[in-house]
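Worksheet: one structure, shown below.
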Amino acid sequence: MPIDREGVLLPGEPQFERHAHGAMISNGVEIGHTLQCPHCGAHFLSIKGSGARRGYCYHCNAVLCGKLVCMTCVPFEKMQELLEKG
Amino acid sequence: MSRTYSVVAGVTSNAGTGLPLLCTWQTAATVRPKWFDILVGASGVPADYYVTCSVNRMTAAPTGHSVLTPSPIDPADGAAVATAGKLATGAGTIGVALMNWAQNQRATFRWVAAPGKELVSLITTVCGIGIYTLAHTAAMILEMTVFFEE
């Protein structure tokens, strides 16, 4: 059930992150934290009780965004290097 | 040492078109713009309308856009290597989603990245990041500011 936080619709109650990678602020109030996927670089909100399956990379030591392509460990910096080499 | 720039645009939401409202991209593989601060609000008569914004990678440079000149935060810095534009009318092909949110027209949304956790453009040429509107209950003028470093 979406909730309205200071005029921003969130898909549920956001999870407090001890080491947040980003902060969402609305009307000057911090309404949620985001984490960054170490593989694709996307930021996402963790919602309490959402049941979302995201995965965890023990090599990068970080929570993943949950996209299928991110389930294989190719760190973002490594991907950049591969793109650079062509 | 990286240099920091801001780009500002007032644009009308264009839900469902798949065209970026505001974007930065690079035409040479020498810099990787990193977005670390995004602000979006709406001007005009306040009303209870919602807009769903999304930050996505672009896999092709936009066309038909108005060119924006990134302003250096430090006046001693030179011009940005990256290019910025608003209101593309073509291309600007929408790629992988990096973040999204839905906001009321009455709200001012801001997202700030922790140091080292910015949204980074891929180092290939003609590849960048843009803000798109996925849906809205009514078209509205969005005032956007993006801070990035390169």
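The values are calculated or read from the model by the stated rules, or taken from the named source; none is laboratory data. In this text, all values refer to a predicted model and were calculated from it rather than measured experimentally. Positions of Cβ are generated from backbone atoms using ideal geometry, with glycine treated the same way; all protein chains shown enter the neighbour counts. With ligands, DNA and RNA removed, areas are computed over all heavy atoms of the protein, side chains included. Shrake-Rupley method; radii C 1.70, N 1.55, O 1.52, S 1.80 Å.
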Handout entry: Residue check, A:Glu84 within 12 Å of another protein chain (Cβ to nearest Cβ), open to solvent by 90 Å² or more (accessible area, probe 1.4 Å), farther than 22 Å from B:Ile129 by Cβ and charged (D, E, K, R)
Key = no
Handout entry: strands (runs of 3 or more DSSP E) wholly inside the range B:54-150 containing at least 3 residues that are more than 20 Å from B:Val31 (Cα to Cα) and more than 9 Å from chain A (Cβ to nearest Cβ)
Key = B:127-136, B:141-149
Fill in the blank from the handout: So, first residue assigned to a loop (DSSP other than H, G, I, E, B) in the range A:38-51, second residue of a type in the set (S, T, N, Q) and surrounded by fewer than 18 Cβ atoms within 10 Å (Cβ to Cβ), Cβ within less than 7 Å, six or more apart or across chains; the pairs are A:Ser46/A:Gln15; A:Lys48/A:Gln15
Practice task
Output yes when any residue across the range A:55-78 is within 8 Å of chain B (Cβ to nearest Cβ) and on the phi > 0 side of the Ramachandran plot, and no when none is.
Solution key: no
Practice task
Would you check if there is a residue in the range A:43-60 being at pLDDT below 90, within 16 Å of the chain's Cα centre (by Cα) and either crowded, with 18+ Cβ neighbours inside 10 Å or under 30 Å from B:Thr30 (Cα atoms) (or both)?
Solution key: yes
Exercise for the section: Taking the options B:Thr89, B:Thr133, B:Thr59, B:Thr63, name whichever one is free of Cβ contacts under 8 Å to residues at least 40 places away in the same chain, touching a Ser or Thr at 6+ places or on another chain (Cβ under 7 Å) and farther than 25 Å from B:Met1 by Cβ. Expected result: B:Thr63
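Find the residue count for the range A:7-30, including only residues that are of a type in the set (A, V, I, L, M) and either open to solvent by 40 Å² or more (accessible area, probe 1.4 Å) or touching a His at 6+ places or on another chain (Cβ under 8 Å) (or both).
First pass over the range A:7-30, keeping only residues of a type in the set (A, V, I, L, M): A:8-10, A:20, A:23-25, A:29.
Pick out the ones that are also either open to solvent by 40 Å² or more (accessible area, probe 1.4 Å) or touching a His at 6+ places or on another chain (Cβ under 8 Å) (or both) and you get A:9, A:20, A:23-24, A:29.
Looking only at that region, the number is 5.
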